[in-house]
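S.K.: The structure is given below, and queries will be raised subsequently.
The values are calculated or read from the model by the stated rules, or taken from the named source; none is laboratory data. Just so you know, these numbers come straight off a predicted model, no measurement behind them. Using ideal geometry, Cβ is built from the backbone for each residue, glycine included, and neighbour counts are taken over all protein chains shown.
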Amino acid sequence: MTGNSLIDSQLDYYRARAAEYDATFVPYMDPALDSVLERLRAKNIRGEVLELASGTGYWTRHLSGLADRVTALDGSAEMIAEARRYALPNVDFRQQDLFDWTPERRWDAVFFAHWLAHVPDDKFDAFWAAVGRALRPDGVVEFVDVTDHERRLEQKDDQEPEVAVRRNLKDGRSFRIVKVFRSPAQLEERLTALGWTCRIDEVHPGFLYATCRPAAR
Ligand SMILES: C[S@@+](CC[C@H](N)C(=O)[O-])C[C@H]1O[C@@H](n2cnc3c(N)ncnc32)[C@H](O)[C@@H]1O
């Protein structure tokens, strides 16, 4: 079982990193942005959209342009404060721990980027069950994540090298966070077993894009 201390440390890390997130994330992500946007704009994302782990709003601003309304959930109030800078008129932000989340309604589409690798294997099925409960019957789930190619950027954790990595902030503070690298094939197998039909492609070296629907329709 993944200990709560690792899950808590992960959220602490992102809370503390919020103000410095974009300085590293934007130059890292921007070279792949066009490839990702091509899939994001393939007309699946529309209507009422739920974004999970919305962070500083890097993706929220694009979702906002495609959706009628976006509900954006993140566990960190600091991240939400960063995202509010975009002043997106059709986005409702809510602070929510996604490891303790029961959706209270359904959306047309669910999107998340750079979140699933932070979901450990023993919380994977429960997370996807919650996503299923958040989706309308004809809805779609899309997500962006890293492939194994990006493992080279990470500092291995001494205690749990298969599940965790170590991240440092500018001020020298060091945190343990979950980072599970799953290939498109591994994700497809696991999600098929959970009743999803997915198309998962590496759209840019190091970045995958997935489009998933409940299989039984
Ligand atoms: C790698 S960032 C991704 C942010 C954004 N989706 C992006 O692509 O830039 C991970 C996000 O997950 C959030 N997070 C971490 N633990 C969480 C938890 N337990 N519940 C909800 N959000 C959490 C962090 O605050 C952070 O915004």
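S.K.: Tell me, yes or no, whether segment 33-54 has at least one residue that is more than 8 Å from the ligand (Cβ to nearest atom) and farther than 26 Å from Pro89 by Cβ.
M.R.: Scanning segment 33-54 turns up at least one residue that is more than 8 Å from the ligand (Cβ to nearest atom) and farther than 26 Å from Pro89 by Cβ.
S.K.: Could you grab me the full set of residues in segment 176-197 that are surrounded by 18 or more Cβ atoms within 10 Å (Cβ to Cβ) and touching a Pro at 6+ places or on another chain (Cβ under 9 Å)?
M.R.: Those that are surrounded by 18 or more Cβ atoms within 10 Å (Cβ to Cβ) and touching a Pro at 6+ places or on another chain (Cβ under 9 Å): Val178, Val180, Trp196.
S.K.: Quick check, is Tyr14 at negative phi, touching a residue at least 60 places away in the same chain (Cβ under 8 Å), buried (at least 19 other Cβ atoms within 10 Å of the Cβ) and not aliphatic (A, V, I, L, M)?
M.R.: Working: at negative phi: yes; touching a residue at least 60 places away in the same chain (Cβ under 8 Å): yes; buried (at least 19 other Cβ atoms within 10 Å of the Cβ): yes; not aliphatic (A, V, I, L, M): yes.
Judged against the criteria, Tyr14 is a match.
Results for (1) over 15 Å from the mean Cα position of the chain (by Cα); (2) within 21 Å of Leu50 (Cβ to Cβ); (3) at pLDDT 95 or above, shown as yes or no for each residue.
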site	(1), (2), (3)
Gly139	yes, yes, yes
Glu142	no, yes, yes
Asp148	yes, no, no
Lys156	yes, no, no
Glu160	yes, no, no
Arg167	yes, no, no
Lys170	yes, no, no
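S.K.: In addition: Of the conditions (1) of a type in the set (Val, Ile, Thr); (2) under 24 Å from Arg17 (Cα atoms); (3) part of a strand (DSSP E or B), Val180 satisfies every one except a single condition; which number is it?
M.R.: All conditions are met except number (3).
S.K.: Determine whether segment 47-63 contains at least one residue that is farther than 16 Å from Phe143 by Cβ, free of Cβ contacts under 8 Å to residues at least 24 places away in the same chain and not β-branched (Val, Ile, Thr).
M.R.: Checked segment 47-63: no residue is farther than 16 Å from Phe143 by Cβ, free of Cβ contacts under 8 Å to residues at least 24 places away in the same chain and not β-branched (Val, Ile, Thr).
S.K.: Another one. Kindly indicate whether Ser54 is closer than 29 Å to Glu202 by Cβ, at pLDDT 95 or above and over 12 Å from the mean Cα position of the chain (by Cα).
M.R.: Working: closer than 29 Å to Glu202 by Cβ: yes; at pLDDT 95 or above: yes; over 12 Å from the mean Cα position of the chain (by Cα): no.
Judged against the criteria, Ser54 is not a match.
S.K.: Hey, can you tell me all the residues within segment 65-90 that are surrounded by 18 or more Cβ atoms within 10 Å (Cβ to Cβ), closer than 19 Å to Ala18 by Cα, in contact (Cβ under 8 Å) with a residue 24 or more places away in the chain and hydrophobic (A, V, I, L, M, F, W, C)?
M.R.: Leu73, Met79, Ile80, Ala83, Leu88 - these are the residues of segment 65-90 that are surrounded by 18 or more Cβ atoms within 10 Å (Cβ to Cβ), closer than 19 Å to Ala18 by Cα, in contact (Cβ under 8 Å) with a residue 24 or more places away in the chain and hydrophobic (A, V, I, L, M, F, W, C).
S.K.: OK, next. Do you know which of the residues in segment 1-10 that are part of a helix (DSSP H, G or I) and either touching a strand residue (DSSP E or B) at 6+ places or on another chain (Cβ under 9 Å) or among the polar types (S, T, N, Q) (or both) is modelled with the lowest pLDDT?
M.R.: Residue satisfying both the conditions and the ranking: Asn4.
S.K.: Output yes when any residue across segment 64-85 is within 12 Å of the ligand (Cβ to nearest atom) and under 22 Å from Thr147 (Cβ atoms), and no when none is.
M.R.: No, because not a single residue in segment 64-85 is within 12 Å of the ligand (Cβ to nearest atom) and under 22 Å from Thr147 (Cβ atoms).
S.K.: If the Cβ limit is 6 Å and pairs must be 6+ apart or interchain, which residue in segment 187-201 that is of a type in the set (Val, Ile, Thr) pairs with which residue that is outside any helix (DSSP H, G or I)?
M.R.: Final answer for the pair search is Thr197/Arg213; Thr197/Ala215; Ile200/Leu208; Ile200/Ala210.
S.K.: Collect the residues in segment 72-91 that are more than 19 Å from Leu33 (Cβ to Cβ) and within 14 Å of the chain's Cα centre (by Cα), keeping them in residue-number order.
M.R.: Leu73, Asp74, Gly75, Ser76, Met79
S.K.: Across segment 92-127, which residue is surrounded by the fewest Cβ atoms within 10 Å (Cβ to Cβ) among those that are under 12 Å from the mean Cα position of the chain (by Cα) and farther than 25 Å from Ser35 by Cα?
M.R.: In this case the residue turns out to be Phe127.
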